[in-house]
Amino acid sequence: MSNYLIGDYIRDTRLRRGYTQEQLSFGICTTASLSRIETGAQANVTKLAPSEKVKIGTRTAHSATEQRL
């Protein structure tokens, strides 16, 4: 996973879990924004990535701790 872009990771994980872009982006960002993130056209994902990780079940231990607070 050395050259794995965040957009590729989000798209691959979303597809493996069976989510559409509409389902994943609901309540987080617009479908168009998620599409741009997945294709690499939008680089600013720092505010979106933790929410998306929780939604698709790939959150980190750090974000799991934040969820309990």
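Could you say whether any residue in segment 6-22 is at pLDDT below 60 and not basic (Lys, Arg)?
Within segment 6-22, the first condition is being at pLDDT below 60, and the residues that meet it are none.
For segment 6-22, residues at pLDDT below 60 and not basic (Lys, Arg): absent.
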Members of segment 14-26 found to be open to solvent by less than 80 Å² (accessible area, probe 1.4 Å) and either hydrophobic (A, V, I, L, M, F, W, C) or without any contact (Cβ under 8 Å) to a residue 40 or more places away in the chain (or both), listed by number: Gly18, Tyr19, Thr20, Gln21, Leu24, Ser25
Out of Ala43, Ala64, Ala49, sole residue that is open to solvent by 90 Å² or more (accessible area, probe 1.4 Å), modelled with pLDDT under 90 and small (Gly, Ala, Ser): Ala43
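The values are calculated or read from the model by the stated rules, or taken from the named source; none is laboratory data. The shown structure was predicted, so the numbers you read here are calculated from the model rather than taken from an experiment. Cβ coordinates were reconstructed from backbone atoms using ideal geometry, including for glycine residues, and neighbour counts include every protein chain displayed. Areas reflect the complete protein model, heavy atoms only, side chains present, ligands, DNA and RNA absent. Shrake-Rupley method; radii C 1.70, N 1.55, O 1.52, S 1.80 Å.
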